[in-house]
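*Asks:* Sending over a structure as structure tokens; questions will come in a sec.
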Amino acid sequence: MAAKAIAFKEANTQAYQDYAKNVVKNAAALAEALKTIGLPLQTGGTDNHLMLVDVTGYGLTGKQAEAALFACGVTANANALPYDKNGAWWTSGLRLGTPALTTLGMNETDMKEVASIIDFVLKNTKPGLTKEGKPAKGKIDISEDTVKAAKERVNKLLSAHVLYPELDLDFLKKEFC
């Protein structure tokens, strides 16, 4: 009960309401940027904090897209789409959300870069091959150059939006690592 009371109290503040509005604005901006790139969204857009993206146009399963993005420092979740030809395990889609990005202080302009990074990674990822040389639903083939370039872009975004700017990371590394 105490946790619920604290949550309700926080949700009643102007700061939280502003944050929630920004989450939705960022989601709309990300959805629009993805559509501009040519990625089909399951519902054509979003009116909340998340969206489902169909990645079959890249020749990838949702699991492959998730793995490629993860390798490059982007967190997304494989997600089945309605009547998914790849089934609920391999999936044909990704679920993307904006609460964490908004918490970092990212804005609608940053969402264009996020969409561009996603597109860059997926365009440069191919399905891995089985021992027999056939496409494997769970493996990916992504070059080290692609991973390096994507990570540089991700790190540039993250360095502009530090979660705890007051922490002295050099001190912490020196004292505790």
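*Asks:* Look through the range 23-65, keep the residues that are charged (D, E, K, R) and open to solvent by 50 Å² or more (accessible area, probe 1.4 Å), and return whichever of them is farthest from Thr98 (Cα to Cα).
*Replies:* First, the residues of the range 23-65 that are charged (D, E, K, R): 25, 32, 35, 47, 54, 63.
Add one more test, that the residue is open to solvent by 50 Å² or more (accessible area, probe 1.4 Å), and what stays is 25, 32, 35, 47, 63.
Working: Lys25: 9, Glu32: 13, Lys35: 16, Asp47: 12, Lys63: 20 Å.
Here the residue is Lys63.
*Asks:* Within the range 79-87, is there a residue that is crowded, with 18+ Cβ neighbours inside 10 Å, within 18 Å of Leu30 (Cα to Cα) and not aliphatic (A, V, I, L, M)?
*Replies:* There is at least one residue in the range 79-87 that is crowded, with 18+ Cβ neighbours inside 10 Å, within 18 Å of Leu30 (Cα to Cα) and not aliphatic (A, V, I, L, M).
*Asks:* Can you tell me which of (1) open to solvent by 50 Å² or more (accessible area, probe 1.4 Å); (2) over 30 Å from Asn86 (Cα atoms); (3) not aliphatic (A, V, I, L, M) is the one His161 doesn't meet?
*Replies:* Of the numbered conditions (1) open to solvent by 50 Å² or more (accessible area, probe 1.4 Å); (2) over 30 Å from Asn86 (Cα atoms); (3) not aliphatic (A, V, I, L, M), the odd one out for His161 is (1).
Per-residue answers, yes or no, for (1) open to solvent by less than 30 Å² (accessible area, probe 1.4 Å); (2) out of contact with any Leu (no Cβ under 9 Å at 6 or more places or on another chain):
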| residue | (1), (2) |
| --- | --- |
| Leu69 | yes, no |
| Leu94 | yes, no |
| Gly105 | no, no |
| Phe120 | no, yes |
| Lys123 | no, yes |
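*Asks:* Residues that are at negative phi and in contact (Cβ under 8 Å) with a residue 40 or more places away in the chain: find the strands (runs of 3 or more DSSP E) completely inside the range 50-168 holding 1 or more of those.
*Replies:* Values: elements: 50-54, 77-79, 93-97, 125-129, 135-142.
Strands (runs of 3 or more DSSP E) meeting the threshold: 50-54, 93-97, 125-129, 135-142.
*Asks:* Now, a different point. Would you mention how many residues in the range 22-55 are in contact with a His (Cβ under 9 Å, 6 or more places away or on another chain) and among the small types (Gly, Ala, Ser)? It would help to see each step written out before you state the result.
*Replies:* Just the residues of the range 22-55 that are in contact with a His (Cβ under 9 Å, 6 or more places away or on another chain), to begin with: 23-24, 26-27.
Of the ones still in play, those that are also among the small types (Gly, Ala, Ser) are 27.
Number of matching residues: 1.
The values are calculated or read from the model by the stated rules, or taken from the named source; none is laboratory data. Please read all numbers here as calculations on a predicted model, not as lab measurements. We place every Cβ from the backbone using ideal geometry, glycine too, and count neighbours over all the protein chains shown. Side chains included, ligands, DNA and RNA excluded: accessible areas come from the protein's heavy atoms. Shrake-Rupley method; radii C 1.70, N 1.55, O 1.52, S 1.80 Å.
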